[in-house]
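Student: My structure is below; once you've seen it, I'll send some questions.
The values are calculated or read from the model by the stated rules, or taken from the named source; none is laboratory data. Predicted, not measured: the structure shown is a model, and the values here were computed from it. Don't worry about glycine lacking a Cβ; one is built from the backbone with ideal geometry, like all the others, and counts go over all protein chains shown.
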Amino acid sequence: MYDLISVGDIKLDTFVLLDKATSSCNLQMPECKLCIDYGAKIDVDIVDSQIAGTAPNVAVGISRMNKKTAVISNMGPDTTLRMALEVLKKEGVSTKYIRSIKGAKSAYSVVLNFKGEKTILTSHNKKKYKIPKPIQPMKWMYVGEMGPGYETFYSTAANYVKKNKIKLGINPGSIQIEEKKPQLFELIKQADVLFVNLEEAQVIAGEHTTEIHHLITSLWKLGAKNVVITDGKNGAYGFDGKNLYHSKIFPGKLVEATGAGDSFATGFIGAKMNNKTMQNALAWGCVNSSSVIGYVGPQKGLLSNKEIIRRLKNKTNFKVKEI
């Protein structure tokens, strides 16, 4: 049996650092816009190209916690597929449910980093996901970002996890959140944990408020047992229908923020797999996230259970509080 199977696009992320291009790049405030000279030729540092995407990020993270994981994904028969198979096998993640589809193209992103924050130029190709038959039993399913054509899978997954009593974590992608189709709410209704950032929460709830208690309650009423809202430097909030908790960010150096949300979700689920409380799970998520943003890319800093516990013991003043 798998401890977790994640579902979604596997991408090739190319990371571009713009910090040295300050004469051609700047932040326009208070709108918080990244401005680049139009038509200019700008010297940049390309740090790396790495396999990424919510599905592989979470599967790798849970695997490092000594759990059995797999990924369901559709890819093109290209270099990205070959890289993905190599990386995932090295991390102990099963690739038996990754399909190579003739004529398809694998997804990719260009990640622009300026002063520690990211702007992502991403592609999603239409791929019809399905639950493979046969498939080994799983304790958790995690559904991440995917391109157009997700609707049938969302409905199928909602019925599948309900019928088989599988715990479900979901972090919808930008397409699913923008479209707000009935299938999204059908899947949220079956979720054990819904993970979103503040802006995503506002779109899904259809509200502009930044008042967390109201916003997170609105999301919880959609049916998820637990709702987690991450809010960048302001930390993260968790609500179980009765109690609302807040965790500040865990101390750490910010190098590059890609994968912060995925690593947080990984730490949270890893804690729940070890029968931890909501407060513990928020703490584990924050520790894992603080480690990942200390590196370029979404996977290098993912931590084991032991390392998360060790870091928490070394920061005795770090507390998750009920609010």
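Student: Give the residue, chosen from SER109, SER24, that is modelled with pLDDT under 95, over 30 Å from ASP192 (Cα atoms) and among the small types (Gly, Ala, Ser).
Tutor: Of the residues listed, the single one that is modelled with pLDDT under 95, over 30 Å from ASP192 (Cα atoms) and among the small types (Gly, Ala, Ser) is SER24.
Student: So, of the residues in segment 122-145 that are in a loop (DSSP other than H, G, I, E, B) and touching a Pro at 6+ places or on another chain (Cβ under 9 Å), which turns out to be nearest to VAL93 (Cα to Cα)? Walk me through it before giving the result.
Tutor: Quick first cut of segment 122-145, residues in a loop (DSSP other than H, G, I, E, B) only: 123-137, 144-145.
With the extra rule that they be touching a Pro at 6+ places or on another chain (Cβ under 9 Å), the set shrinks to 124-127, 144-145.
Values: HIS124: 23, ASN125: 24, LYS126: 24, LYS127: 22, GLY144: 16, GLU145: 19 Å.
Within segment 122-145, the match that is nearest to VAL93 (Cα to Cα) is GLY144.
Student: I'd like to know if segment 72-86 contains one or more residues that are among the aliphatic types (A, V, I, L, M) and not in a helix (DSSP H, G or I).
Tutor: If we filter segment 72-86 for residues that are among the aliphatic types (A, V, I, L, M), which is where we start, we get 72, 75, 81, 83-85.
Now restrict to residues that are not in a helix (DSSP H, G or I): 72, 75.
Among the residues of segment 72-86, at least one is among the aliphatic types (A, V, I, L, M) and not in a helix (DSSP H, G or I), which makes the answer yes.
Student: For segment 198-315, which helices (runs of 4 or more DSSP H) that fit wholly inside it have 2 or more residues that are within 18 Å of ILE177 (Cα to Cα) and of a type in the set (A, V, I, L, M, F, W, C)? Quick ask: steps written out before the conclusion?
Tutor: Details: elements: 198-205, 212-220, 260-273, 278-292, 305-313.
Filter on segment 198-315 gives 198-205, 212-220.
Student: Check off (1) closer than 14 Å to GLY144 by Cα; (2) assigned to a helix (DSSP H, G or I) for PHE195 and give me the number that stays unchecked.
Tutor: So the condition that PHE195 fails would be (2).
Student: Still on this model: So, of the residues in segment 190-215 that are closer than 10 Å to ILE229 by Cα and among the acidic types (Asp, Glu), which turns out to be nearest to the chain's Cα centre (by Cα)?
Tutor: Checking each candidate, the answer is GLU200.
Student: Among the residues of segment 87-121, count how many are part of a strand (DSSP E or B), under 20 Å from the mean Cα position of the chain (by Cα), over 30 Å from ASP19 (Cβ atoms) and without any contact (Cβ under 8 Å) to a residue 40 or more places away in the chain. Outline the logic, then answer.
Tutor: Filtering segment 87-121 for residues part of a strand (DSSP E or B) gives 93-94, 98-100, 107-114, 117-121.
Filter again for under 20 Å from the mean Cα position of the chain (by Cα), leaving 93-94, 98, 107-113, 117-121.
Keeping just the survivors that are over 30 Å from ASP19 (Cβ atoms) gives 93-94, 98.
Now restrict to residues that are without any contact (Cβ under 8 Å) to a residue 40 or more places away in the chain: 93.
Counting residues in segment 87-121 that are part of a strand (DSSP E or B), under 20 Å from the mean Cα position of the chain (by Cα), over 30 Å from ASP19 (Cβ atoms) and without any contact (Cβ under 8 Å) to a residue 40 or more places away in the chain gives 1.
Student: In addition: Under the condition of being exposed (fewer than 14 other Cβ atoms within 10 Å of the Cβ) and within 18 Å of ALA283 (Cβ to Cβ), which residue from segment 233-260 is nearest to the chain's Cα centre (by Cα)?
Tutor: LYS233
Student: Just to be sure I understand, how many residues within segment 156-165 are farther than 20 Å from ILE62 by Cα and surrounded by 15 or more Cβ atoms within 10 Å (Cβ to Cβ)?
Tutor: Total meeting the criteria: 4.
Student: Any residue at all in segment 111-128 that is under 22 Å from ILE5 (Cα atoms) and of a type in the set (A, V, I, L, M, F, W, C)?
Tutor: Step one: filter segment 111-128 for residues under 22 Å from ILE5 (Cα atoms), giving 124-128.
Still in the running and of a type in the set (A, V, I, L, M, F, W, C): none.
No, the conditions are met nowhere in segment 111-128.
Student: So SER289 clears everything in (1) closer than 16 Å to PHE195 by Cβ; (2) surrounded by fewer than 24 Cβ atoms within 10 Å (Cβ to Cβ); (3) of a type in the set (Ser, Thr, Tyr) except one condition, right? Which one?
Tutor: (2) is the only condition that SER289 fails.
Student: Sticking with this one: Of the residues that make up segment 126-133, is at least one modelled with pLDDT under 95, loosely packed, with under 14 Cβ neighbours inside 10 Å and under 19 Å from the mean Cα position of the chain (by Cα)?
Tutor: no
So that you can scan it fast, the table gives a plain yes or no per residue for (1) polar (S, T, N, Q); (2) touching a strand residue (DSSP E or B) at 6+ places or on another chain (Cβ under 6 Å); (3) at pLDDT below 95:
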{"position": "HIS246", "(1), (2), (3)": "no, yes, no"}
{"position": "GLY252", "(1), (2), (3)": "no, no, yes"}
{"position": "ASP262", "(1), (2), (3)": "no, no, no"}
{"position": "MET273", "(1), (2), (3)": "no, no, no"}
{"position": "ASN280", "(1), (2), (3)": "yes, no, no"}
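Student: I'm trying to understand the selection: among the residues of segment 202-229, which are under 22 Å from GLY259 (Cα atoms) and touching a Ser or Thr at 6+ places or on another chain (Cβ under 8 Å)?
Tutor: Answer for segment 202-229, where residues must be under 22 Å from GLY259 (Cα atoms) and touching a Ser or Thr at 6+ places or on another chain (Cβ under 8 Å): just GLN202.
Student: Which one of THR258, THR230, THR316 is out of contact with any Gly (no Cβ under 8 Å at 6 or more places or on another chain) and among the β-branched types (Val, Ile, Thr)? Explain how you work it out, then say what you get.
Tutor: Values: THR258 fails: out of contact with any Gly (no Cβ under 8 Å at 6 or more places or on another chain); THR230 fails: out of contact with any Gly (no Cβ under 8 Å at 6 or more places or on another chain).
THR316 is the lone residue from the list that is out of contact with any Gly (no Cβ under 8 Å at 6 or more places or on another chain) and among the β-branched types (Val, Ile, Thr).
Student: Taking segment 71-106 as the search range and keeping residues that are within 23 Å of VAL296 (Cβ to Cβ), surrounded by fewer than 16 Cβ atoms within 10 Å (Cβ to Cβ) and of a type outside the set (D, E, K, R), which one is modelled with the highest pLDDT?
Tutor: GLY92
Student: Just the residues that are buried (at least 16 other Cβ atoms within 10 Å of the Cβ), in contact (Cβ under 8 Å) with a residue 24 or more places away in the chain, small (Gly, Ala, Ser) and over 17 Å from PHE268 (Cα atoms), please, taken from segment 166-220.
Tutor: Selection gives GLY173, ALA201.
Student: Which one of these is within 22 Å of THR119 (Cβ to Cβ), of a type outside the set (Asp, Glu) and touching a residue at least 12 places away in the same chain (Cβ under 8 Å): ALA265, ALA283? Working first, answer last.
Tutor: On the way: ALA283 fails: within 22 Å of THR119 (Cβ to Cβ).
None of the others qualify; the one that does is ALA265.
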